[in-house]
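K.L.:
Next up is a structure, given as structure tokens.
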Amino acid sequence: MKAAPFDYAAPTEVDEALALLDEFAEDAKVLAGGQSLVPLLALRMSRFDQLVDVNRIEALRGIELVGETLVIGAMTRQATIERDEEVRRHAPLLAEATRYIGHFQIRNRGTIGGSIAHADPTAEYPAIALTLGAEVEVASVRGRRRIDAGELLESAYTTTLEPEELLLSVRVPVWGARSGFAVHEIARRTGDFALVGGAAAVTLDEADAVARAHVVLFGVADRAIRLSSLEAAIAGQPVDQLDLAELAREATAELRPPSDVQATGAYRRRVAAPLTERLLRTAFVRARRAGDPTEEAAR
Amino acid sequence: MSTVEKPSAARFVGARVQRREDPRLLSGHGQYIDDVRLPGMLHATFVRSPLARARIVAIDLEHALAVPGVVAIWDGSALNGDAATPLWDWAGEGTPFPEVRALAEGDVRFAGDPVAIVIARDRYVAEDAAELVDVEYEPLQAVVGRELAEASTGRAHDGIDTNVAWSAASPTDPALEAAFAASAHVITETFRQQRHVNVPMEPRGLVAHWERGAEQLTVYASSQNPHQDREYFARVMGLPEHHVRVIMRDVGGGFGQKIFRTREETAVALASRRLGRPVKWIEDRQENLMAANHARDEQMTLRVGVDADGVITAIHASHLADVGAYPLMPAMMPGFMALEVLPGPYRFARYGWAGKSVFTNTSGISAYRGPWMMETVAREIMMDVVAREIGVDPAEIRRRNVIQTEDLPYTTPTGREYDRISPAQTLEAALEEIGYERFREEQARARAEGRYLGLGISTYIEPTAGAQGPTGIEAATVRVEPSGKVNVLMGTGSHGHSLETTMVQVVADQLGVPIEDVRLLQGDTAVSPYGGGTAGSRSAVIAGGVARISAIKLREKVLELAGHLLEAAAADLEIEDGTITVKGSPGSSIAFADVARIAYYDPSRLPEGMEPGLESTSRYSAPPATYANSTQVCTCEVDVATGEVRLLDYVVGEDCGVMINPMVVEGQIAGGVAQGIGGALLEHLAYDETGNPLAITFKDYLLPTTEDVPDIRYVHVETPSNTPGGHKGVGEGGAIGAPAAIVNAVADALAPLGVRVTSQPLSPDRVLAMIDDARSA
Amino acid sequence: MSKQLISVRINDELFEGEVEPRKTLADFIREDCTLTGTHLACEHGVCGACTILLDGEAVRSCLMFAVQADGASLTTLEGLAPEGGPMTPVQQGFMEHHGLQCGFCTPGFVISAHAFLRDHPDPTEEEIREGLSGNLCRCTGYQGIVRAVQRAAEITREDVTA
């Protein structure tokens, strides 16, 4: 199980990397953490003439709060994100979801940019980016642009990134007061890709009605998806009056998840409902707690 | 009941002695097959069929041969003729068998079938070239599916006009039918077990080195039995046995997969002879999952008659096995063994059976830890089915049927003779340890809260150390070197089960020397006496037995010589910690090392007629089988919203006779249980209907992890066997008992929902589907 | 596909070599540096047998190319304890509690346990099980491994307080 030959470059500057990507286009592949790409190369399920290793570009690493946005360099390791105080404070969902990614040895290498660009439909980070309404900043020799996570994820292992483009950073908006989050997944074993996973982010108003809600499932389609009809149905509704079980059932009834050797599509659809219910329930509880002054003080 | 004398100074046998293997393995200095490097060594890889069944129309090597660094590429037509005989042949009356050749020739018969061997300067280059070998296939209908094979219009093999590899049944027995007719209840159910792979962490591999001039083949093997390998390579390569040497150093697990040498290993040896250079092949994980032998893939239908109290009156068992394309053992083996062992721990007189094995276009079946264990799966799940059906507690129904001490000796309906077993005791011990009554109360409380807890029991008798043919005997040479240090030479095949420690414990006890002064040399046919290697839980019984016999024989000589030197009767001497002393006269002693030195260097001081040196070789022919017994009990919780199963508690009560090293015994049990957990919950080498394997990476073939195997507790009952050390085998029992215990626990948890569990693995989607089916029924 | 010259410090020894970019770090360690204590059991990043410390962090050496480690400092199983010196608490724990049988997965477990204990000096059993769930063992059923890590934590605490 050995990779086919390739040429390799490890630029230290973004511009160098962009020049290489521009030169080789489809024949090049960005090597980020490598935790998904290297197995694909080893199994010869993928091959490229040129790998552009961006691990030596310092500018792609780091976590910074800029206004109300947490800007995370694409090459920031998952292990760093998992432990980072800023992330825990301003994007707790991201920190919590990170623990579901593989195992600690994987998270020591895996990066946020690599994971999102890989667009595995069962992976955590693309789904969390969607849940939190994150954007990615990308660049090519022609310039920079920002892409909303919902626009970025096109289908399984496919994004709207051009081959010449490099993902520079992930921009995660900070959700305000009285926000609560939840993430959970059902997997065959700890650390496996999810059979079905999901995440929710909600904000409650003073009257405990839903001011804002994003609910995302992954593993149920060719990419992570938002349950827009559910989000619309609960918007403005008092939390206590929601029949979450029924809403979750309705919101997942039309899903047509894929089948594979680990689980049938019917199973994935079936458990999507209780999973969705659980996510909302947890997110609401946490949102209320986040608004509770005694809880705030305790933190 | 013990009639076996404990060793005179049992300081080591029975103790949790730390392993002698560990310092080298823990510091990175083991020597596994991929660590072997020889000058001029080349690397092999295989071109494998992507199709389950196809005609090979053409093979074009041109582009592949042009890759720089490629030394040779041979397909079947070029290489197979170098073999002197078919690789193995289990054909017999009514049991057809395909001609087994190193590489596919003319057609391919499973996805992964080796079509060509590529030899190159390194593995990277070899794989580059393998990709460029252009094979044109004409697809044929593949035979896939255990239950579909017999009626398939396709044929798994050219030249064999049936897919039935073996079929047999017990004679019609009117007494059996009468017993069923007289039974208060007769219950029939079919139990299915999916295809597994052994998955040793070190895949297959070898370095074959043909030494020109000496005309000798030296094979560095990842094996369980070097002497049988020597015999194999000698036969297949047409060499005299003394021109073959097999060396196995550290082996990264086998679990049955490394008992038999395989087609790829043969191709590598043939290639080495052609090239006159050492050739290494290290199987990668994808190859291991796709093309190394598979296991299980079987089903058993039981018809069980019981009286009104749940006492078994009659059983009929019918077994069906898928043995793949090229099984490594006779096609009858899975079925015959399972059917023969089925009566297990229960008393009943009337038994009938039928068995059938089918060829399919899938990877061949071979041994995997307890290769007959379908009997325990079917029988023990059935016991719970019967118990539930007639309203008897599952522990109670076993109590009513289990063989008691006063029943011994006891002969099963299949003629197995039990003595010195304790199945009733291990059953009770396990139930007590898990807290059976307490759990039932907890379960009731949980049910009231809408939580589903369950408990499963699995009771069995394990035939261990089956002794026949090449595995019937074992030899040990115990040699005290002139310095008094001891080398023990054996034909064992340790691949992780601690023989370097346990054999040394046995010998050190008998010789009365410090354990550090004894070392086991094994795994080299040029060094060790012929031995059967490892299979069938035989090492403790047969190897441990002969180590003891040989050490006792040598001890007698040591004492005779020491007595002569000390002018005392040998019977009045004792050896302790390397010193031989006249009992009661501490002043009158001689160091073990001095006796050794004199034995070698000072023949004039030996008694009249004594041969110089201190060495003894013994061979031991073991009884046909030695019976261990066990009960496994576990508890679980099932999440009925997601179908997830979580094991909560796990207890194994077992009797493997005199334990040489309880730490090692528990390690063997735990490893087996973990494999059983894998089989019950996770592992499945699935094929699609075209014969395409669907789980050929570790992302898809799921081994249990630290999170899937709970804490295991053990209760030991020690009933010595009638073998020299009083030991019984313990290698396979953990794996045999676990799946039924887990299935029963899940079924018990879901019993209020009317779920009956009869197949594995219990993946979340299957569990949920069973719940849905039961609810809609 | 030209070869590249790299230099990697492994167990405090500098290794230089010319490698094809596609050569994995694991193969470089085993073949070019002849440090065969690092094992390969899946080569696709699942089993963890090839785990090493890369600048102090546990990583799977089959999921990196050797060229990526140019200039890095690695520790493999061979380098944990000084040559001829005492075993580390983790190694000692594995020895005392039968944390290994065939030994093939052991390098990855021992290295992972070292990294894990550095971050969790006083772990619960649950944390140990979660922490080591990325390493596969087929022999032990993990019983001895979990105990070994508990014991290693205990030895380390004793050493600190002693």
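The values are calculated or read from the model by the stated rules, or taken from the named source; none is laboratory data. Small disclaimer: the values here were computed from a predicted structure and weren't measured. As a convention, Cβ positions derive from the backbone with ideal geometry for all residues, glycine included, and neighbour counts pool all protein chains shown.
K.L.:
Please report, ordered by residue number, the strands (runs of 3 or more DSSP E) entirely within segment A:29-73 with at least 2 residues that are facing chain C (nearest Cβ under 8 Å) and not aromatic (Phe, Trp, Tyr).
P.N.:
A:50-53
K.L.:
For segment C:97-150, which positions are in contact (Cβ under 8 Å) with a residue 60 or more places away in the chain and either within 14 Å of chain A (Cβ to nearest Cβ) or more than 15 Å from the chain's Cα centre (by Cα) (or both)?
P.N.:
C:CYS105, C:PRO107, C:GLY108, C:PHE109, C:ILE111, C:SER112, C:HIS114, C:ALA115, C:GLY134, C:ASN135, C:LEU136
K.L.:
Sticking with this structure for a sec: Conditions first: (1) facing chain B (nearest Cβ under 8 Å); (2) in contact with a Lys or Arg (Cβ under 9 Å, 6 or more places away or on another chain). C:LEU77 passes all but one, so which condition is the exception?
P.N.:
All conditions are met except number (2).
K.L.:
Can you tell me which condition B:ALA321 does not meet? The list is (1) within 29 Å of B:GLY154 (Cβ to Cβ); (2) of a type outside the set (Val, Ile, Thr); (3) surrounded by fewer than 22 Cβ atoms within 10 Å (Cβ to Cβ); (4) touching a helix residue (DSSP H, G or I) at 6+ places or on another chain (Cβ under 6 Å), and all the others hold.
P.N.:
Among (1) within 29 Å of B:GLY154 (Cβ to Cβ); (2) of a type outside the set (Val, Ile, Thr); (3) surrounded by fewer than 22 Cβ atoms within 10 Å (Cβ to Cβ); (4) touching a helix residue (DSSP H, G or I) at 6+ places or on another chain (Cβ under 6 Å), the lone unmet condition for B:ALA321 is (3).
K.L.:
Quick test for you: out of A:GLU277, A:GLU231, pick the one residue that is assigned to a helix (DSSP H, G or I), over 30 Å from B:GLU689 (Cα atoms) and more than 14 Å from every other protein chain (Cβ to nearest Cβ).
P.N.:
Checking each option against the conditions leaves just A:GLU231.
K.L.:
Next up: Please determine, by comparing only the residues of segment B:235-255 that are touching a helix residue (DSSP H, G or I) at 6+ places or on another chain (Cβ under 6 Å) and crowded, with 24+ Cβ neighbours inside 10 Å, which one is nearest to B:ARG24 (Cα to Cα).
P.N.:
B:MET248
K.L.:
Taking C:PHE65, is it within 19 Å of C:VAL146 (Cβ to Cβ) and facing another protein chain (nearest Cβ under 10 Å)?
P.N.:
Here the answer is no, as C:PHE65 does not meet what is asked.
K.L.:
Further question: Do we have C:ALA41 as surrounded by 24 or more Cβ atoms within 10 Å (Cβ to Cβ), under 22 Å from A:SER36 (Cα atoms), modelled with pLDDT of 95 or more and more than 8 Å from chain B (Cβ to nearest Cβ) here?
P.N.:
For C:ALA41, the condition - surrounded by 24 or more Cβ atoms within 10 Å (Cβ to Cβ), under 22 Å from A:SER36 (Cα atoms), modelled with pLDDT of 95 or more and more than 8 Å from chain B (Cβ to nearest Cβ) - is not met.
K.L.:
Out of segment B:3-57, which residues are of a type in the set (Ser, Thr, Tyr) and modelled with pLDDT under 95?
P.N.:
Correct list: B:THR3, B:SER8.
K.L.:
Among residues belonging to segment B:107-119 that are more than 15 Å from B:ASP134 (Cα to Cα) and small (Gly, Ala, Ser), point out the one that is farthest from the chain's Cα centre (by Cα).
P.N.:
Of everything passing the filter in segment B:107-119, B:ALA111 is farthest from the chain's Cα centre (by Cα).
K.L.:
If you take the residues of segment B:202-226 that are within 26 Å of the chain's Cα centre (by Cα) and among the charged types (D, E, K, R), which of them is surrounded by the fewest Cβ atoms within 10 Å (Cβ to Cβ)?
P.N.:
So the residue we want is B:ARG204.
K.L.:
In addition: Quick one: would you say B:PRO624 is modelled with pLDDT under 95 and surrounded by fewer than 24 Cβ atoms within 10 Å (Cβ to Cβ)?
P.N.:
yes
K.L.:
Another question, then. Only one of (1) among the hydrophobic types (A, V, I, L, M, F, W, C); (2) away from chain C (no Cβ under 12 Å); (3) out of contact with any Cys (no Cβ under 8 Å at 6 or more places or on another chain); (4) closer than 19 Å to B:ARG438 by Cα is not met by B:VAL652, so which one is it?
P.N.:
Exception for B:VAL652: condition (2).
K.L.:
Could you list all residues from segment B:31-51 that are within 12 Å of another protein chain (Cβ to nearest Cβ) and under 16 Å from B:TYR124 (Cα atoms)?
P.N.:
Once the filter is applied, which keeps residues that are within 12 Å of another protein chain (Cβ to nearest Cβ) and under 16 Å from B:TYR124 (Cα atoms), segment B:31-51 yields B:ASP34, B:MET41, B:HIS43, B:THR45.
Every residue, every condition in (1) touching a residue at least 40 places away in the same chain (Cβ under 8 Å); (2) in contact with an Asp or Glu (Cβ under 7 Å, 6 or more places away or on another chain); (3) away from chain C (no Cβ under 14 Å); (4) of a type in the set (Val, Ile, Thr), yes or no:
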| residue | (1), (2), (3), (4) |
| --- | --- |
| B:TYR601 | yes, no, yes, no |
| B:GLU615 | yes, no, yes, no |
| B:VAL633 | yes, no, yes, yes |
| B:VAL658 | yes, yes, yes, yes |
| B:ASN661 | yes, no, no, no |
| B:GLY667 | yes, no, no, no |
| B:ALA686 | yes, no, yes, no |
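K.L.:
Considering only segment B:636-646, how many residues are buried (at least 24 other Cβ atoms within 10 Å of the Cβ) and either under 27 Å from B:VAL341 (Cβ atoms) or out of contact with any Leu (no Cβ under 9 Å at 6 or more places or on another chain) (or both)?
P.N.:
1
K.L.:
Answer yes or no: is there a residue in segment A:200-220 that is surrounded by fewer than 22 Cβ atoms within 10 Å (Cβ to Cβ), more than 12 Å from the chain's Cα centre (by Cα) and under 25 Å from B:ASP639 (Cβ atoms).
P.N.:
no
K.L.:
Further question: Specify which of the listed residues (B:VAL709, B:VAL652) is within 22 Å of B:ALA424 (Cα to Cα), crowded, with 23+ Cβ neighbours inside 10 Å and of a type in the set (A, V, I, L, M, F, W, C).
P.N.:
Exactly one of B:VAL709, B:VAL652 is within 22 Å of B:ALA424 (Cα to Cα), crowded, with 23+ Cβ neighbours inside 10 Å and of a type in the set (A, V, I, L, M, F, W, C), namely B:VAL652.
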